[in-house]
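These notes concern the structure reproduced below.
The values are calculated or read from the model by the stated rules, or taken from the named source; none is laboratory data. Keep in mind that this is a model prediction, so the values were computed, not measured. Cβ sites come from the backbone with ideal geometry, for glycine too, and all protein chains shown count toward neighbours. Surface areas here come from the heavy atoms of the whole protein model, side chains and all, with no ligands, DNA or RNA. Shrake-Rupley method; radii C 1.70, N 1.55, O 1.52, S 1.80 Å.
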Amino acid sequence: MAGKGGAGKTTISATLARLAARSGRPVVALDADANPNLSTALGMSPDVAAGLGPVPASLVSRRIGGAGLNQPIDDVLNRYTGTGPDGVRLLGMGAPAHADEGCLCSAHAVVSALLEDLGAPERFVVVDMEASPEHLSRGTVRHVDAICLVAEPYYRSLETVRRMAALVAELPVPWVAVVANKVRSAQDEEAVREFCDRHSFSLAGVVPWNDEVVAADRARVPVVEWPPAHSVVAALTDLAGELDRSVRSASTAG
Ligand SMILES: Nc1ncnc2c1ncn2[C@@H]1O[C@H](COP(=O)(O)OP(=O)(O)OP(=O)(O)O)[C@@H](O)[C@H]1O
Ligand SMILES: [Mg+2]
């Protein structure tokens, strides 16, 4: 999930992760934001989340063609994931511990190496990116099967998607589409559709605005466990189906 700050990347990542886990798939959620929030959105207990360290850079070796894990992925998962509701396993990129710490190069190398090895036929891996285009410009997410560009129906959010789509087009990612979030009216939806048509982007999902998503957030309850937010969960269930169909066929075609 990529997109402008506040577009809904974490909410959507967490909900898709929980829905996939409920459908019986093994799920790994990767919090690739240096300002991590995914554990709360997944409903992970604060104790488990507090014990989650980032995967250390020492598990990654530099090689020609990019960084790679120097240990089997299953060992890394067993050691560094925490398990949340519905059995979702969470991996963290980690937050900077100190001011003036320097760049995030090694954290990006870790995320990239993890993504290269996380692919397994039935495993659903969702990556919650940060708002900056850095995961794209660095190629950190080059190994994913799909990128959803999450857009709110206003100009600056759509502009961000347009810029990010240009970066995605230079990566070997087989499938990319826009997901409209916080859609309050037919006009909102039309604005996103018109934007997608104009730029020849696919629109994979339209998620309505629902005040109860904010209420769930305030109560620190995952959206999927908050019945009044059902309109959003229903739209994301549709998106999950669309992702499954399109990504499988894009991978087969590739
Ligand atoms: N469909 C929706 N209806 C109403 N509020 C929503 C909806 N989706 C997300 N929100 C709210 O918008 C805010 C931002 O959502 P979220 O944290 O998921 O965005 P983000 O893209 O991950 O942000 P950041 O760039 O800071 O990581 C939260 O308060 C969330 O509850
Ligand atoms: Mg977020």
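Only a single criterion out of (1) closer than 17 Å to H108 by Cα; (2) out of contact with any helix residue (DSSP H, G or I) (no Cβ under 7 Å at 6 or more places or on another chain); (3) open to solvent by 30 Å² or more (accessible area, probe 1.4 Å) is not satisfied by N70, namely (2). Note on segment 227-247: residues that are farther than 30 Å from G119 by Cα and either open to solvent by 60 Å² or more (accessible area, probe 1.4 Å) or assigned to a strand (DSSP E or B) (or both) total 3. Among the candidates V150, V141, V207, V213, the residue that is in a loop (DSSP other than H, G, I, E, B), within 16 Å of ligand 2 (Cβ to nearest atom) and either more than 19 Å from G6 (Cα to Cα) or under 19 Å from the mean Cα position of the chain (by Cα) (or both) is uniquely V141. Residues in segment 73-114 that are closer than 13 Å to V28 by Cβ and touching a Lys or Arg at 6+ places or on another chain (Cβ under 8 Å): L77, T81, G82, T83, D86, V88. Of the helices (runs of 4 or more DSSP H) contained entirely in segment 22-119, those carrying at least 1 residues that are over 21 Å from A131 (Cβ atoms) and away from ligand 1 (no atom under 16 Å from the Cβ) fall at 46-50, 73-80, 105-118. Inclusion of T10 among residues that are touching a strand residue (DSSP E or B) at 6+ places or on another chain (Cβ under 7 Å) and within 16 Å of ligand 1 (Cβ to nearest atom) is warranted. Among the residues of this structure, G5 counts as one that is open to solvent by 30 Å² or more (accessible area, probe 1.4 Å), in contact (Cβ under 8 Å) with a residue 40 or more places away in the chain and not in a helix (DSSP H, G or I). Residues that are free of Cβ contacts under 8 Å to residues at least 40 places away in the same chain and either within 16 Å of ligand 2 (Cβ to nearest atom) or open to solvent by 40 Å² or more (accessible area, probe 1.4 Å) (or both) within segment 167-186 comprise L167, A169, E170, P172, V176, R184, S185, A186, listed in sequence order.
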